[in-house]
Amino acid sequence: MERALVIGASGGIGSAICSELQARGADVTGLSRSTHGLDVTQEDSIADCLAPLQPPFDLVFVATGALDIAGHRPEKTLRALSGQGFADQFAVNCIGPALVLKHAVRLLPRRDRSVFAALSARVGSIGDNRLGGWYAYRAAKAALNQVMHGAAIELRRSHPKAVLALLHPGTVETRFTERYQSSHPTVPPQTSAKNMLAVLEQLGPEATGSFHDYAGQEIPW
């Protein structure tokens, strides 16, 4: 990866992705809400932050996301559902990355290999859902999977060597997951970053629009 753009670069996973890419000699541009005012829930913010960038970028990695938003935590029962909670989850975890893709397409080379990666989650898999609950977060990640899969079909026509990839990073030791680490095995952000970048290195254009975990295993939709 010679040039990389990381969205959400100040977060636990985003900063680890930046550090790992820089260690590999990549020219990394990192954008975040805290440093650059990039708010993925506002399209104008995305457009303004990406407008000054000049192509090509070999990798665009969207490392944004949220689990607890404005006091809404993952639901254990139907009684806990909230329309606002659903709207917030979709804004951050589906619509945001989709709009980043919309404005980042011009940054991807048309003839050479490129990768656009976004953080999904295993709980966004419908086929792998055995526990129920977590309705809004699951639905938002499942919707993101559908958007990226559809976009991969479209971009195959104009960017035949592009790879759109959805990644499950595992339960990473960040503020994002601190309420839930006791019930899941966790990994440091640096380990997750190394694992995910290793997966991306192995994906060719034939795998565009696919959904993998940090070990490279494909996850059912």
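The values are calculated or read from the model by the stated rules, or taken from the named source; none is laboratory data. This is a predicted model, so every value here is computed, not measured. Cβ atoms come from the backbone with ideal geometry, glycine included; neighbour counts cover every protein chain shown.
Within the range 105-129, the set of residues being over 19 Å from Gly14 (Cα atoms) and surrounded by 24 or more Cβ atoms within 10 Å (Cβ to Cβ) comprises Leu108, Gly124.
Of all residues in the range 50-99, those satisfying the criterion of being of a type in the set (Phe, Trp, Tyr) and either under 14 Å from the mean Cα position of the chain (by Cα) or under 15 Å from Gly8 (Cβ atoms) (or both) are Phe61, Phe90. Whenever a residue of the range 87-100 is over 12 Å from Ala143 (Cβ atoms), its partners that are at pLDDT 95 or above and assigned to a helix (DSSP H, G or I), lying with C-beta atoms within less than 6 angstrom and at least six residues away or across chains, give the pairs Leu99/Glu43; Leu99/Ile46; Val100/Ile46. Is it the case that some residue within the range 79-88 is among the polar types (S, T, N, Q), buried (at least 20 other Cβ atoms within 10 Å of the Cβ) and either modelled with pLDDT of 95 or more or within 18 Å of Asn145 (Cα to Cα) (or both)? Scanning the range 79-88, I find no residue that is among the polar types (S, T, N, Q), buried (at least 20 other Cβ atoms within 10 Å of the Cβ) and either modelled with pLDDT of 95 or more or within 18 Å of Asn145 (Cα to Cα) (or both), so the answer is no.
Only one entry of His159, His103, His168 meets the criterion of being within 16 Å of Ile17 (Cβ to Cβ) and at pLDDT 95 or above, and that entry is His168. The single residue among Ala4, Ala91 that is modelled with pLDDT of 95 or more and either on the phi > 0 side of the Ramachandran plot or not in a strand (DSSP E or B) (or both) turns out to be Ala91. Restricting Arg110, Arg106, Arg122 to those that are touching a Ser or Thr at 6+ places or on another chain (Cβ under 7 Å), touching a residue at least 40 places away in the same chain (Cβ under 8 Å) and not aliphatic (A, V, I, L, M) reduces the list to Arg110. Just checking, does the range 19-26 include any residue being buried (at least 21 other Cβ atoms within 10 Å of the Cβ) and within 20 Å of Arg106 (Cβ to Cβ)? Looking through the range 19-26, none of the residues is buried (at least 21 other Cβ atoms within 10 Å of the Cβ) and within 20 Å of Arg106 (Cβ to Cβ).
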